[in-house]
1. For segment A:52-80: of the residues being within 10 Å of the chain's Cα centre (by Cα) and within 10 Å of chain B (Cβ to nearest Cβ), which is surrounded by the fewest Cβ atoms within 10 Å (Cβ to Cβ)?
2. Looking at residue A:27, is it surrounded by fewer than 19 Cβ atoms within 10 Å (Cβ to Cβ), out of contact with any helix residue (DSSP H, G or I) (no Cβ under 6 Å at 6 or more places or on another chain) and either farther than 26 Å from residue B:44 by Cα or among the acidic types (Asp, Glu) (or both)?
3. Say whether the condition of being in a loop (DSSP other than H, G, I, E, B), of a type in the set (A, V, I, L, M) and either at the interface with chain B (Cβ under 10 Å from one of its Cβ atoms) or touching a residue at least 24 places away in the same chain (Cβ under 8 Å) (or both) is met by at least one residue in segment A:89-108.
4. Inspect segment B:40-54 for any residue being more than 30 Å from residue A:188 (Cα to Cα) and modelled with pLDDT under 95 and give the result as yes or no.
5. Yes or no: residue B:63 within 51 Å of the chain's Cα centre (by Cα), among the acidic types (Asp, Glu) and open to solvent by 50 Å² or more (accessible area, probe 1.4 Å)?
6. If you go through segment A:154-188, how many residues are more than 10 Å from every other protein chain (Cβ to nearest Cβ), in contact (Cβ under 8 Å) with a residue 40 or more places away in the chain and open to solvent by 50 Å² or more (accessible area, probe 1.4 Å)?
7. Considering only segment A:123-133, I want to know if a residue exists there that is more than 10 Å from chain B (Cβ to nearest Cβ), at pLDDT 95 or above, over 23 Å from residue A:44 (Cα atoms) and outside any helix (DSSP H, G or I).
Amino acid sequence: VIDLVMAGPHPILAERLESADAELLRRAQAGDRVAFERIVALFERRIFALALRMSGDVEDAKDATQETFLRLHRSIRQIDSARSLGPWLWSVTVNACRDIGRRRRRSRLVPIDDLVTRGVADPAFGPETLARAGELERQLQMALARLPEKERAALLLREMEGLSTREVATILGSSEGTVRAQICTARLKLRTLLGRKGEER
Amino acid sequence: MSCPPEERIALYAGGEIDRGLESHLAACIRCFELFRRLEADRDLLASEPPELGAVDFGAMRREILRRTRRRVWPVVLAAAAMVGAAAAGWVWRVMDREIPPPAVVAHVPDSGPPLAYARGSVTDARRKRSRDRKGAVAFDIPRDAFRVPTKDPDVVIIWFTEKGEPQ
């Protein structure tokens, strides 16, 4: 199951995974440490990927991922085990990214847009990271950083996690109409920002 | 041919059903190209970021598990602190009790004349103390002071008065 989840969400497996999530969650709520570790293993890559594209920074994404699981551990008994764990985790991840972004802006006084746009010259994007990251991914993260936070979150939750408009709206605390418009606008803005790179694809 | 707004194409690219737009995309190369690029953007967003290959998820997981481990020492220390506080409170209450008066060391008879009567002052009495025939300390009792008999020879009670001999 873990290997399948690592490869990303897949509609065919969604139902089976949800029941596996629920069982793991119930066991973790009862204090089963192994079950909690399995939950971490199941979701860590997806949470990190979401956090990376939300924050545009590898270290911030690591912090947000850890923070998400720490919050899960603290609140695990309050989560409804009848529901899928995913939306709860995405919601916490988005909030953790926002909190980390705010702290960083206060401490460094550098807007996230500038940080990402500086790209190669910025130590936050070390040579190793950049070497591994594909050019398209780098362009994507730079473009995402230029989107308003809510639009970015709505777009990523829809496209990365395949959530419905209603689910995204619940996570972001917005109406379905607002989220639908945000996703639509974000798609077109992203297309404009990716510009020529997109044309070359 | 009038093209639809780009928002409509973006919604269609996101999976919304739009029969009217479908026929337009089949005929308009410009709109179809936008649709194709929007779909490519969706594919890119759905792909895993390459950075994931450089992250040590095992180390991250161990750190998460370490930070969520139940810590025994704080619980033990908290319990010890509570016991200590309770003990301190008990000691405090005990010490704070009213100290009972000391046991009676001398008995003063209800009646009976004073044993001695002499002129002088308290200061004089201190200076002129001497021993009586039995070896007990005796005082030259000053004027306006009376020695009261007690059962204990080591206990001396002197009654001072301003108006002379007690009635």
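The values are calculated or read from the model by the stated rules, or taken from the named source; none is laboratory data. Nothing here was measured: the structure is a model prediction, and the numbers come from that model. Cβ sites come from the backbone with ideal geometry, for glycine too, and all protein chains shown count toward neighbours. Heavy atoms of the whole protein, side chains included, go into the accessibility calculation; ligands, DNA and RNA do not. Shrake-Rupley method; radii C 1.70, N 1.55, O 1.52, S 1.80 Å.
1. So the residue we want is A:53.
2. On the way: surrounded by fewer than 19 Cβ atoms within 10 Å (Cβ to Cβ): yes; out of contact with any helix residue (DSSP H, G or I) (no Cβ under 6 Å at 6 or more places or on another chain): no; either farther than 26 Å from residue B:44 by Cα or among the acidic types (Asp, Glu) (or both): yes.
Answer is no for this residue.
3. Initially, segment A:89-108 is screened for residues in a loop (DSSP other than H, G, I, E, B), giving none.
No, every residue in segment A:89-108 fails to be in a loop (DSSP other than H, G, I, E, B), of a type in the set (A, V, I, L, M) and either at the interface with chain B (Cβ under 10 Å from one of its Cβ atoms) or touching a residue at least 24 places away in the same chain (Cβ under 8 Å) (or both).
4. In the first step, residues of segment B:40-54 are kept if they are more than 30 Å from residue A:188 (Cα to Cα); the result is B:54.
Next, from what is left, pick out any that are modelled with pLDDT under 95: B:54.
Scanning segment B:40-54, I find at least one residue that is more than 30 Å from residue A:188 (Cα to Cα) and modelled with pLDDT under 95, so the answer is yes.
5. On the way: within 51 Å of the chain's Cα centre (by Cα): yes; among the acidic types (Asp, Glu): yes; open to solvent by 50 Å² or more (accessible area, probe 1.4 Å): yes.
Answer is yes for this residue.
6. 2
7. No, that holds for no residue.
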